[in-house]
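Here is the structure we will look at.
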Amino acid sequence: MASPAKRKSFEDLSNELFYEIFDYFDSWSLYKAFANLNIRFQNLLFNCSYRFKINVSHLEKSDIDAFCRKFLIPNRHRIVSLHLRRSNLIDLLLPSITNNLIFEQVESIHLPYISKTILVVLLQSFILLPRLFFLDLFLVKIVSYQQGSKYDEYLNLTEIYCSILKLPVLKSIKISSWLPETKFPIAMNSTIEGSSLENIIIDHQCYLNDLINLLRHTPRLRRLICRKGVQTGENNTQEISFSLTNLISLSIKRSSLELNKFDTFLGQIGSNLKILHIANSSYENCFNGNQWEKILSKNFPFLKKFSLEFLENLDETFDLVKFEELISSFTSQHQWTIQITLTQNQYEDCQLKLVVQSQ
């Protein structure tokens, strides 16, 4: 009779499987759990080929010293990802990040809820990072609530964007803000050379002139997403004297551009576009099917995927006749796919969602 199989324990797993498991956890948590367990786990954690991913959401002040002195600084050459989820963590760790030796292997940095003042200081040190490929920033404005003071909703990001454009190997940037008024005017005669950026996600409101001036410095750009809309602004929109020949994907949401300026912008931004997505524009201020057909055939010979998305409240201002005319323009002569759904927003308002896609 065969003897029963030997029961296996957690420590019987192979090193390769442990490293796969470690990939799902923050390296600081792994360090606290396993560093002093036994020799094998010490060797696993401190193997020179193993790279640390820091994802810290909470850190007691009493742990800051140990985190920096015992873990962050000694292992700075092995950290590939740094994600600090609280603004107070960024403030507390700022001296360690800026005053010590370079985190030479860091490839991605995520900094949510960071103030402009602190970010300006950090970006000056980021320019020394030889492998920083990705930045994810969520900016907040620090407001002084003194008696009689007025809340300032204006956030100027010019210095931030200029510093980002100078990062030597950065490939992707996502920059977000809740503030409704965000500007980043970059001078046309700026000395900034062509950026290495290939992917940009702008998750804050912006003006068309600011966007154009930013794009002047991104000749390698392949994908651009504007999630909170592009506005015309008070000044006349400047002409685009450049072409983004590498741009293949463009997504703009909540746009309030005037139709003629939007047409000009699309026509000059680059003819190699393959994906174009426009979302949350009011159906009362958009091109009809015939107009889109002309724009696409004239400007984008390589376009493979095109989609429009509109979301309208079904209230007393809803113009059913105009809406039916819009639908008809997409279905009468062109091979468009139309999808109409009823939704409800957080305020329980009934909304109509229209999605138009080219085939």
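Quick one: which of 57-66, 212-221 comes out on top by average Cβ neighbours within 10 Å, and what's the full order, highest first?
Values: 57-66: 11.7, 212-221: 19.9.
Result, highest mean first: 212-221, 57-66.
Working with all protein chains in place, sort T182, T245, T341 by solvent-accessible area computed with a 1.4 Å probe, largest first.
Details: T182 0, T245 80, T341 50 Å².
Of T182, T245, T341, the descending order of accessible area is T245, T341, T182.
Using the structure shown, list the pairs from K116/K305; K171/K305; K61/K253; K166/K298; K183/K304; K171/K274 with a Cα-Cα distance above 29 Å, or answer none. Before the final figure, lay out the partial values.
Working: K116/K305 37 Å; K171/K305 24 Å; K61/K253 41 Å; K166/K298 35 Å; K183/K304 33 Å; K171/K274 20 Å.
Violating the 29 Å limit, Cα to Cα: K116/K305; K61/K253; K166/K298; K183/K304.
Ordered by residue, what ³J(HN,Hα) values in Hz, to whole numbers, does segment 315-330 give under the Karplus form 6.51 cos²θ - 1.76 cosθ + 1.60, where θ = phi - 60° and Gly and Pro are x?
10, 5, 8, 5, 9, 5, 4, 5, 5, 5, 5, 5, 4, 4, 5, 8
Multiplying the sequence separation of T337 and T158 by 0.36 nm and subtracting their Cα-Cα distance, what value in nm do you get?
Here the segment from T337 to T158 would lengthen by 60.4 nm.
The values are calculated or read from the model by the stated rules, or taken from the named source; none is laboratory data. Worth saying up front: this structure is predicted, and the values here are computed from it rather than measured. For neighbour counting, all protein chains shown are included, and Cβ atoms are generated from backbone atoms with ideal geometry for every residue, glycine included. The area values use the complete protein model at the heavy-atom level, side chains included, leaving out ligands, DNA and RNA. Shrake-Rupley method; radii C 1.70, N 1.55, O 1.52, S 1.80 Å.
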